[in-house]
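Since the structure comes first, as structure tokens, the remarks are kept for the end.
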Amino acid sequence: MFTLLAKRYGVVLLSTLGFFTLLTLSALSALSGCTENTSSANADAIVISSSANESQDKDLAPEPESKIVSLYSDQLTDTNKIAQGKKFMAVTANPHATEAAYAVLEKGGSAIDAAIAAQMVLGLVEPQSSGIGGGAFMLYWDANEKKLIAYDGREVAPMAADENLFVGQDGQTDKFFDAVIGGKSVGVPGVIKMLEDAHTEYGMASWASLFDDAIALATNGFTVSERLHTLIKAVPKVDDRERIADYLFDDNGKPLAVGHILKNTEYAQTLKVLAVNGSGTFYQGQLAQQIVAATKEDKNAGELSLSDFVQYQAVQRPALCKKILTYRVCGMGPPSSGASTTLAILGVLENLISNPEAQRGHYQGMEQDILSAHYFVEASRLAFADRNTYIADPDFIHVPVSQLLDDDYLQLRSQLISSDQPMTEVAAGEFITPDVGQYLMQPSPELVSTTHLSIVDQYGNVVSMTSSIETAFGSRLMVGGFILNNQLTDFSFVPRHADKTLVANRVQGGKRPRSSMSPMIVFNQDDQPLLIIGSPGGKKIIPYVARVLYEVLFFDSALISSIEQPHILNTGRQLEIEKGVGKNVFDALEAMGHKPVYKSQTSGLHAISRHNNEWLGVADPRREGTAKGN
């Protein structure tokens with residue numbers, strides 16, 4: 001019998017019944033040969049371009065070098081990285097966006113209202129990361145109804161697209177930037193429709209008023225930050241299309257300097273139209289026509305049509321929740337892989353950490369506890385193997401989420417992990433079900449851009465929202481003063497194996513690409529939200545968020561300390577250690593049999609926790625986010 005899905009308050013809850021009919025014992029070893037390195041397995045069917053995976057080997061969307069300054073340090077007293085408040089709290093990726101959200105909350109607006117105001121500003125001041133040309137996932141906790149809603153505003157592939165979108169006539173997959181830049185990679189943007197739907201149900205302020213701050217800032221101009229300047233300068237091919245080059249480079253062709261006052265009157269006009277007319281103009285009016293024209297007329301033309309825009313719908317889905325220790329940890333289900341993978345990591349760790357309570361008050365982070373670091377990266381490797389095999393758009397395939405998070409299954413997966421050496425081979429679990437079949441493990445070249453915001457209003461309502469245009473500066477196409485996404489490259493470039501075994505996350509018309517975005521909310525035993533968290537970072541979003549949850553929930557680590565702790569992670573390819581971690585840690589993991597590499601990590605963890613009837617907001621010191629509350 002399959003693991004049962006119970007529905008309560010619109011939330012999928014997981015229980016464990018009759019699991020062993022789902023899994024063969026062979027699934028605990030080589031498991032049909034699906035290992036982390038799958039490129040050779042596909043050689044007979046699709047030839048993977050030597051640069052198709054370059055996004056996984058190079059920092060194609062670099063951030064300013066990690067600057068991990070203690071959040072307790074006097075060096076950060078003026079940056080508003082930490083805030084406390086009894087009524088409401090906002091934590092976003094940019095001071096302008098945080099101020100916009102705070103202003104809405106201060107006037108009595110809802111968390112949804114504040115999220116809309118913040119997102120409109122983020123699309124202006126952080127154009128490389130998100131905006132109305134992209135998509136989002138959002139969790140919303142309705143405090144009055146005690147109801148958790150998960151909004152899917154993910155982009156959608158054109159109906160005319162098929163699984164060979166990124167495969168040439170010669171059988172070779174596209175080179176990465178050949179796929180990214182131009183109209184070919186653009187999906188139907190979803191964030192505006194998602195936010196409008198949420199506002200219709202839970203907004204308190206007028207829709208039009210939520211655009212005021214962004215319109216004023218776009219009209220009057222904002223100061224180019226160090227981070228924006230660095231990204232314009234360092235990200236490849238930002239100036240590959242004329243409109244974006246005119247916007248982000250000066251008359252001499254140089255990236256806009258730090259301190260330059262950047263105005264965007266075209267974006268201001270777009271927002272004015274959206275403020276008055278709502279999403280209709282975006283999906284059925286002039287903006288839709290402009291986006292379709294921009295993608296079709298581009299030299300790397302895409303398949304978008306006006307009918308794709310007319311048909312687009314944001315979707316409400318059941319949130320994906322699992323009991324971890326005494327907590328209920330909730331996130332976004334497929335097509336996001338964020339919650340399923342994070343919960344799988346935590347579920348495996350729950351089986352490995354026998355007595356976390358005994359370590360509370362003594363745990364000092366992975367840098368001081370090599371075994372906890374080892375367990376974390378090994379659990380991550382197992383979870384990512386399942387993610388890369390099974391997670392995709394549930395409207396197109398059966399995604400065995402309940403089986404993947406079944407307590408018995410995770411207990412068996414934990415038995416694959418040794419305490420003194422890494423696994424030599426990692427494979428996905430093999431589920432013998434008539435409707436799932438077996439899919440081919442295949443990652444997608446998901447990059448490290450994106451943004452996250454966490455908001456609580458005075459009524460106790462909560463928003464945890466992650467939004468993105470995919471890689472930094474997206475497709476490089478601009479329409480109406482905003483950048484269009486390249487989210488279609490979140491699909492697998494490889495659609496099937498030589499024996500016709502399918503890749504779950506292959507391109508299909510009308511399908512939503514898999515994502516790693518991980519907006520999360522943690523509830524206590526009284527069903528009250530305790531922790532709201534998320535981060536940008538491509539596939540690394542998952543271990544960024546999972547590590548903080550691991551340390552805070554298992555060992556009662558202080559949220560501030562955990563966020564600023566150096567990252568140690570593995571998304572299935574290599575063990576990465578954030579620069580700043582001591583050589584003793586590197587050497588200890590290497591002696592265990594790992595092959596660690598030092599690599600800068602630029603998470604953007606934005607979190608809010610509740611203690612003693614007071615909210616604590618924390619913005620990651622690695623980026624320019626801020627927190628503000630009352």
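Annotations
- First in the range 222-240 and at positive phi and surrounded by 17 or more Cβ atoms within 10 Å (Cβ to Cβ), second anywhere and assigned to a loop (DSSP other than H, G, I, E, B) and of a type in the set (G, A, S), Cβ under 9 Å, 6 or more apart: none
- Residue match in the range 302-314 (condition: within 28 Å of E196 (Cα to Cα) and β-branched (V, I, T)): yes
Listed here are the residues, each with its yes/no results for (1) closer than 27 Å to T489 by Cα; (2) at pLDDT 95 or above.
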{"position": "G85", "(1), (2)": "no, yes"}
{"position": "L124", "(1), (2)": "yes, yes"}
{"position": "A150", "(1), (2)": "yes, yes"}
{"position": "V156", "(1), (2)": "yes, yes"}
{"position": "T173", "(1), (2)": "yes, no"}
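- Pairs linking a residue in the range 122-136 that is touching a residue at least 12 places away in the same chain (Cβ under 8 Å) and in a loop (DSSP other than H, G, I, E, B) to a residue that is surrounded by fewer than 24 Cβ atoms within 10 Å (Cβ to Cβ) and of a type in the set (S, T, Y), with Cβ atoms under 7 Å and 6 or more positions apart or on different chains, do not occur.
- Positions within the range 78-121 being out of contact with any Lys or Arg (no Cβ under 7 Å at 6 or more places or on another chain), in a loop (DSSP other than H, G, I, E, B) and closer than 27 Å to G474 by Cα, in sequence order: N94
- Residues located in the range 545-565, provided they are under 17 Å from N524 (Cα atoms) and under 19 Å from the mean Cα position of the chain (by Cα): V548, L549, Y550
- Residue match in the range 335-352 (condition: buried (at least 20 other Cβ atoms within 10 Å of the Cβ), assigned to a loop (DSSP other than H, G, I, E, B) and on the phi < 0 side of the Ramachandran plot): yes
Residue-by-condition table, conditions (1) surrounded by fewer than 24 Cβ atoms within 10 Å (Cβ to Cβ); (2) modelled with pLDDT of 95 or more; (3) acidic (D, E); (4) in contact with a helix residue (DSSP H, G or I) (Cβ under 9 Å, 6 or more places away or on another chain):
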{"site": "I82", "(1), (2), (3), (4)": "yes, yes, no, yes"}
{"site": "F88", "(1), (2), (3), (4)": "no, yes, no, yes"}
{"site": "T92", "(1), (2), (3), (4)": "no, yes, no, yes"}
{"site": "E99", "(1), (2), (3), (4)": "yes, yes, yes, yes"}
{"site": "L105", "(1), (2), (3), (4)": "no, yes, no, yes"}
{"site": "A111", "(1), (2), (3), (4)": "no, yes, no, yes"}
{"site": "A115", "(1), (2), (3), (4)": "no, yes, no, yes"}
{"site": "A118", "(1), (2), (3), (4)": "no, yes, no, yes"}
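- Cβ-Cβ distances below 6 Å connect the following pairs, each with a first residue in the range 548-562 that is closer than 15 Å to G617 by Cα, a second residue that is of a type in the set (A, V, I, L, M) and surrounded by fewer than 21 Cβ atoms within 10 Å (Cβ to Cβ), and a separation of six or more residues or different chains: I560/L71.
- Test: residue in the range 522-529 that is touching a strand residue (DSSP E or B) at 6+ places or on another chain (Cβ under 7 Å), in a strand (DSSP E or B) and more than 25 Å from L352 (Cα to Cα): yes
- Filtering the range 534-561 to residues that are at pLDDT 95 or above, in contact with a helix residue (DSSP H, G or I) (Cβ under 6 Å, 6 or more places away or on another chain) and either small (G, A, S) or not in a helix (DSSP H, G or I) (or both) leaves S535, A546.
- Some residue of the range 215-233 being at pLDDT below 95, closer than 30 Å to S336 by Cβ and in a loop (DSSP other than H, G, I, E, B): yes
- Residues located in the range 137-187, provided they are farther than 17 Å from N505 by Cβ, more than 23 Å from the chain's Cα centre (by Cα) and assigned to a loop (DSSP other than H, G, I, E, B): A143, N144, E145, K146, M159, A160, G168, Q169, D170, G171, K175
- Flag if A301 is free of Cβ contacts under 8 Å to residues at least 60 places away in the same chain and either over 26 Å from the mean Cα position of the chain (by Cα) or assigned to a helix (DSSP H, G or I) (or both): no
For every residue, the table says whether it meets (1) in contact with a Phe, Trp or Tyr (Cβ under 9 Å, 6 or more places away or on another chain); (2) among the basic types (K, R).
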{"site": "A373", "(1), (2)": "no, no"}
{"site": "E378", "(1), (2)": "no, no"}
{"site": "R381", "(1), (2)": "no, yes"}
{"site": "A385", "(1), (2)": "no, no"}
{"site": "I391", "(1), (2)": "no, no"}
{"site": "V399", "(1), (2)": "yes, no"}
{"site": "L404", "(1), (2)": "yes, no"}
{"site": "D408", "(1), (2)": "yes, no"}
{"site": "Q415", "(1), (2)": "no, no"}
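- The range 475-512, subset more than 21 Å from the chain's Cα centre (by Cα) and not in a loop (DSSP other than H, G, I, E, B), residue farthest from V235 (Cα to Cα): L502
- Only residues that are under 17 Å from G365 (Cβ atoms), surrounded by fewer than 20 Cβ atoms within 10 Å (Cβ to Cβ) and in contact with a Pro (Cβ under 8 Å, 6 or more places away or on another chain) were counted across the range 582-594, and they come to 1.
- Residues of the range 575-609 that turn out to be more than 22 Å from T450 (Cα to Cα) and part of a loop (DSSP other than H, G, I, E, B), as a count: 5
The values are calculated or read from the model by the stated rules, or taken from the named source; none is laboratory data. Because the structure is predicted, anything quoted here is derived from the model rather than measured. Counting neighbours? That spans all protein chains shown, and the Cβs are built from the backbone with ideal geometry, glycine included.
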